[in-house]
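See structure below.
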Amino acid sequence: MRTSGRTDLASKSASTPRSNSSVDASPSPARLAQSDHFWRRAQWVVYNSRLFTFHASENGAATTVHSGAVAAVSAPLKLLMEEGGPDNHRTSATLHGVREEDLLRFCDFCYTSTYTDPYPIAVKPSLPAIESGARNGDANGEGASTSTALVTTDDASVQPPAAKRPRTESPAQSLTGFGRPGILGTSSPAPEVNTPLNMNLSNKHKLQSVFANTPYTTIPARVFGTNTRTKSNGVSSNENHTNVFIAHAAMHALAINYDIAKLKTLSLQKLCDKLMRFDCKPERVGDVLALVRWVYTTELGMARDMPELKDIAVRYVVSEVSGFGNSQEFGELLKEGGNFVKDFWAMVYSNLL
């Protein structure tokens, strides 16, 4: 009986004519209406849920939100708000390791699935000291000493005098350009010579590509050899981004502590986006090193690790170390030791050797 039943179903499905027209992938009006009903129902549940007050542990600042909005993004916080029984729920709680600004961004995320990025702090550039010989002369300039001072307004590199520039191979002696040595009529290229300069450039290429390989980068990586990056709306690059970097890192730490999967990914994507657009000038190295110190210091007081955040911080330092590796600030960070130094050299070793 089972076999005949299967045969009848198979023959029935085979005899059913199929339309040759393409299947319309767009949702039907009924499905759209059903989806809109579910969305309105979810909004009704959130905005009719009881209010709950969260306190930041840093200064005790309080923010009141709908408990349904928080429960929808974090299971641990949902259990925290439901403590005390069905008829006597608690009405407030303190989020440890959270600043007031982090609490506000978290509440923003609960309602909108994103949060507002902080603005960098504008730093007034210091004016270069220009020596003037005319100040010691008379009004006609007699007796004034002539002194030239080079004033640069951007980060373009200044070419040294011709006598101190590195020698370049002439075209007739070049291994890759016009006049390549070889037997007349042969097309085989000359063997590549691994000079110290070529090896140094190759190592820089490898290190600068380290950060671009993170799965959270959403914009193209900076091309090696370029000293300028695109500035949006003509905004000056001389801005302190320490608060920006730490804000996104703090949101990731909050997401780790309270198991908020979407916030984990969002905070890492925002941080990578800011780092990719950041112009790491010598005077702004401290912004990056402050992020590194914050990440490794904060993790020591957490119950869970932050491997993705540490990986991003280390990758960025490795990718930019050729620019500030000899700076005093970076040397002081290496002297401090700790897990960052171990992770840094492990990253360098795995990419160069």
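Observations
- Order of H252, H66 under a 10 Å beta carbon neighbour criterion, fewest first: H66, H252
- Extension reserve of the Y349-T94 stretch, reckoned as 0.36 nm per residue once the Cα distance is removed: 87.5 nm
- Simple spin-label estimate for D117 and N240 gives 2.0 nm between the two label positions (7 Å along the Cα-to-Cβ direction from each Cα).
- Segment R40-T297, extension gain: residue separation times 0.36 nm, minus the distance between their alpha carbons: 88.2 nm
- For a modelled paramagnetic label at R50, 7 Å from Cα along Cα-to-Cβ, the residues of the stretch 80-111 in reach, with backbone nitrogen under 11 Å, are 81-92.
- The value obtained for the stretch 228-353, namely the Cα convex hull volume divided by the number of residues, is 115 Å³ per residue.
- Cα lying deepest toward the dipole's positive end in the stretch 44-112, options S92, A75, L103, charges on Cβ: A75
- As a calculated quantity, the FRET efficiency between T64 and E283 at R0 = 41 Å, using C-beta atoms, amounts to about 0.45.
- Mean Cβ neighbour count within 10 Å, used as a protection proxy, ranking 277-286, 255-264, 112-121, 299-308 highest first: 255-264, 277-286, 112-121, 299-308
Quick note: the coordinates plus some simple rules give every number you see, no bench work behind them. Computed from a predicted model, the values in this text were never measured in an experiment. Glycine gets a Cβ as well: all are built from the backbone with ideal geometry, and neighbour counts include every protein chain shown.
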